[in-house]
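**Q** Here you go, one structure.
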Amino acid sequence: MKEIPMSIENLKDRLPDYAKDLKLNLSTLAAEPSLSEQQRAGTFIACALASRNEITTKAITAEFAPKLSPEALNAARAAAAIMGMNNIYYRFTHLASAPDYKTMPARLRMNVIGKPGVPQADFELWCLAVSAINGCGACIDSHEKVLRNAGLTAEQVQASVRIAAVVHAVAATLDGEAHAADIAALAA
């Protein structure tokens, strides 16, 4: 059987009727005018990877990877990877009651943050969006401050987080539907 190539349209078709708002938001955000094409495409890809849903990741990568240079695609993937680590570590240091963790060096390699292979502001935007998905307030604050100091507007920062919210909701909805189908099959 031939596999159907994935796209945003295929992804929207997989969503149930009750998720109509997610379908509409995907369409709107895929053309978000406040972000450059690279910023938008990289945000979608980093967020899809952070959301950990195979269907979502395949569809978004198929749609947006062709809009990025190989270096930018690698950087978007690297943003998802490095923030997967950093969000856990820095969320721990932020939430732990003992104050000494906040002053200890992380001793985790984070070289890609210094040399991501794309403009620093684009990489920071992708890191912010992934941090929003992973719920790390310390990282959100840090990346948002860097972005604003780099001249990005509140609208641009918000756009990246809107993409993160919708991509994550799509992934969660598809995961939930898959589990519901598994449960129904077991019950039958």
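No lab work stands behind these numbers, since they all come straight from the coordinates. All figures in this text were calculated on a predicted structure; none of them were measured in a lab. Backbone-built Cβ (ideal geometry, glycine too); neighbour counts: all protein chains shown.
**Q** Evaluate E = 1/(1 + (r/R0)^6) for A31 and S69, where r is the Cβ-Cβ distance and R0 equals 22 Å; express this FRET efficiency to the nearest 0.05.
**A** For A31 and S69, the calculated efficiency is 0.60.
**Q** Using θ = phi - 60° and the Karplus curve 6.51 cos²θ - 1.76 cosθ + 1.60, what whole-Hz ³J(HN,Hα) does each residue of region 93-100 get, with Gly and Pro shown as x?
**A** Each residue of region 93-100 in turn: 5, 6, 8, 5, 6, 5, x, 5 Hz.
**Q** On full extension of the chain, what length is gained from E155 through M110, given 0.36 nm per residue of separation minus the C-alpha to C-alpha distance?
**A** Result: 13.4 nm gained on full extension.
**Q** For the ranges 134-145, 108-119, what's the packing order if you count other beta-carbon atoms within 10 Å of each residue, average per peptide, and put the highest first?
**A** Top of the packing list down: 134-145, 108-119.
**Q** In 10 Å bins starting at zero, report the fraction of Cα pairs in region 1-82 per bin as a rounded %.
**A** All Cα pairs, binned at 10 Å, distribute as 18, 50, 28, 4, 0 percent.
**Q** Run the helix sum for the chain: -39,500 (n - 2.57) per DSSP H stretch of 4+ residues, divided by residue count, reported at 222 nm to the nearest 500 deg cm²/dmol.
**A** Using -39500 (n - 2.57) per qualifying helix, the result is -24000 deg cm²/dmol.
**Q** With +1 on the Cβ of every Lys and Arg and -1 on the Cβ of every Asp and Glu, and nothing else charged, how large is the dipole of the chain about its Cα centre, in debye rounded to the nearest 20?
**A** Result for the chain is approximately 460 debye, rounded to the nearest 20.
**Q** Note down the net charge around R162, summing +1 for each Lys or Arg and -1 for each Asp or Glu among other residues with Cβ under 12 Å from its Cβ.
**A** My count for the surroundings of R162 gives -1.
**Q** Mind listing the lone cysteines of the chain, meaning no other Cys beta-carbon sits under 4.7 Å from theirs?
**A** Flagged as lacking a Cys partner: C47, C127.
**Q** Rounded to the nearest 10 degrees, what's the angle between the helix 154-187 long axis and the longest principal axis of the chain, both from Cα atoms, 0 to 90?
**A** Its long axis makes an angle of about 50 degrees.
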